[in-house]
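In what follows, a single structure is set out as structure tokens and then discussed.
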Amino acid sequence: MTKAIQAVRGMNDLLPEGIAYWQHVEAAARDILHRYGYREIRLPIVEHTELFARSIGSHTDIVEKEMYTFEDRNGDSLTLRPEGTASAVRAGIENGLLHNQVQRWWYAGPMFRHERPQKGRYRQFHQIGVEAYGMSGPDVDAELILLTARLFKRLGLTGLRLELNTLGTPSARAAYRARLVDYLRGHLDVLDDDSRRRLDTNPLRVLDSKNPDMQELLRGAPGLLDHLDESSRAHFEELRALLDAAGIEYHINPRLVRGLDYYTRTVFEWLTDRLGSQAAICAGGRYDGLVELLGGKATPAIGFAIGLERLVELVVQASVPVDGNAPQVYVVAVGAPMAAVLQLAESLRDRGVRAEYHCGGGSLKSQLKRADRSGARYVLMVETPTQAAVKDLRGNEGQQTLAYADVGGFLAARLGSAPAAADILTRVEN
């Protein structure tokens, strides 16, 4: 027997039984993003490798270890996108949409990183990303945080924690970096292998180490907030005042540095303790220098990304009521001509009813079993060219035999659709 081919490790199927939760989350996000004036952009999954090496940073873990990179038939080095911000900036520059303009964009789709798969962390994962360009003040920083808070509230999620920090300008961060490296070099015997490797490439990431043996050392490290430039300090204080006025609770985490080189000033994360080690469900910040770094004119920018797998898991855990898009009515033929029954199902759909027609024949008993498994509220058994029996599968209404002219009103009253009793079956009657 031929061995069945399985999915690539860390790249998972999203099955119909769970997809309703994804659709629920995506619909809520889409509605809220549009309320805030953000427009959708759709970006390629494959980009030139140089885009990510230049934007994310050639010495980051993503570029060094995690990207799916390959040569195409022309010898060009291409990469499956590990994140969306660099692609959005590339699209904005290439299409002349950023210089001296204000843009609010969002996108959704798969990203790819060759990490060790575990719950909440996969090699193909999905994000909703949001990017805002051309606005330098802290008001847009606050807007994005308010937007995320509104989304989580809309989804019925509680207990999330917002952590906030500022990285200052690149020049201020460079001065702080030198102080931090001097401090860490004085304690090389305490540093783990990862931290020693990062010391010369990305020392701020050492602050984010989860190694318990290093926590006392890190608590004594010089603080970034003590080395801020005055403009970044003022920006951060005004952002905090805006969040305070809006009633948004937050915790200042001076070790929050994010894993990508392009961040400046504001950085933030929404965290949960309900997903094990994968605590962050949303993360973002300012990247005012990235547009210029990628060949455009200097443009202030800020964005965030939400991990959809993690957000969906929280919605499932919270037992949020979700419309599973199951059929409302399951239609079976019991003696009536097949053409008439098909037309009946089409007429129901014309009027907004989710109607699944039983294909493939079989005994009435087997058809009713399929109807029950479908999740439909009613089964509609079409007995003659003029009559149909309606049976309630989920309640105590029992079974009723109705004339075609009465079926529409009966269903409308119970399903909240809007079929008129006189015309729901005009296809059949004509």
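Brief remarks follow.
- Sole residue being more than 30 Å from ALA298 (Cα to Cα) and either over 17 Å from the mean Cα position of the chain (by Cα) or crowded, with 19+ Cβ neighbours inside 10 Å (or both), chosen from ARG123, ARG150: ARG123
- Neighbours by Cβ (under 9 Å, 6+ apart or cross-chain): first from region 374-385, at negative phi; second of a type in the set (Asp, Glu): SER374/GLU356; ALA376/GLU356; ARG377/ASP392; TYR378/ASP392; TYR378/GLU397; VAL379/ASP372; VAL379/ASP392
- Among the conditions (1) within 30 Å of PHE410 (Cα to Cα); (2) touching a residue at least 60 places away in the same chain (Cβ under 8 Å); (3) in a loop (DSSP other than H, G, I, E, B), ASP273 misses just one, which is (1).
- Those residues of region 62-79 which are touching a residue at least 12 places away in the same chain (Cβ under 8 Å) and either among the charged types (D, E, K, R) or out of contact with any Phe, Trp or Tyr (no Cβ under 8 Å at 6 or more places or on another chain) (or both), in sequence order: LYS65, GLU66, THR69, ASP76
- Look at (1) in contact with an Asp or Glu (Cβ under 9 Å, 6 or more places away or on another chain); (2) of a type outside the set (Phe, Trp, Tyr); (3) assigned to a loop (DSSP other than H, G, I, E, B); (4) buried (at least 18 other Cβ atoms within 10 Å of the Cβ) and you find that ARG265 fails only one, number (3).
- Against the numbered list (1) farther than 27 Å from LEU147 by Cβ; (2) in contact (Cβ under 8 Å) with a residue 60 or more places away in the chain; (3) under 19 Å from the mean Cα position of the chain (by Cα), LEU33 comes up short only at (1).
- So GLY84, is it in contact with a Ser or Thr (Cβ under 9 Å, 6 or more places away or on another chain), crowded, with 18+ Cβ neighbours inside 10 Å and under 25 Å from ARG258 (Cβ atoms): no
- Note on region 52-74: among residues that are assigned to a helix (DSSP H, G or I) and acidic (Asp, Glu), the one that is modelled with the highest pLDDT is GLU66.
- Test: residue in region 208-217 that is modelled with pLDDT under 85, crowded, with 19+ Cβ neighbours inside 10 Å and of a type in the set (D, E, K, R): no
- Residue count for region 331-345, restricted to those that are without any contact (Cβ under 8 Å) to a residue 60 or more places away in the chain, crowded, with 19+ Cβ neighbours inside 10 Å and not in a loop (DSSP other than H, G, I, E, B): 5
- All positions within region 346-355 that are closer than 16 Å to LEU402 by Cβ and free of Cβ contacts under 8 Å to residues at least 60 places away in the same chain: ALA355
- Residue in region 42-58 that is without any contact (Cβ under 8 Å) to a residue 40 or more places away in the chain, in the same structural domain as LEU308 (by TED's automatic domain parsing), of a type outside the set (A, V, I, L, M) and crowded, with 20+ Cβ neighbours inside 10 Å present: yes
- Yes/no for LEU243 being under 24 Å from ALA20 (Cα atoms) and part of a helix (DSSP H, G or I): no
- Within region 279-330, being buried (at least 16 other Cβ atoms within 10 Å of the Cβ), in a loop (DSSP other than H, G, I, E, B) and of a type in the set (D, E, K, R) holds for one residue alone: ASP288.
- Scanning region 39-51 for residues that are over 27 Å from ASP200 (Cα atoms) and part of a strand (DSSP E or B) yields ARG39, GLU40, VAL46, GLU47.
- Residues that are charged (D, E, K, R) and closer than 18 Å to ASP61 by Cβ, drawn from region 116-139: ARG116, ARG121, ARG123
- Being closer than 25 Å to PRO16 by Cβ and modelled with pLDDT under 85 holds for only one residue in GLY398, GLY416, GLY408, and it is GLY416.
The values are calculated or read from the model by the stated rules, or taken from the named source; none is laboratory data. Keep in mind that this is a model prediction, so the values were computed, not measured. Cβ: placed from backbone, ideal geometry, glycine included. Neighbour counts: every protein chain shown.
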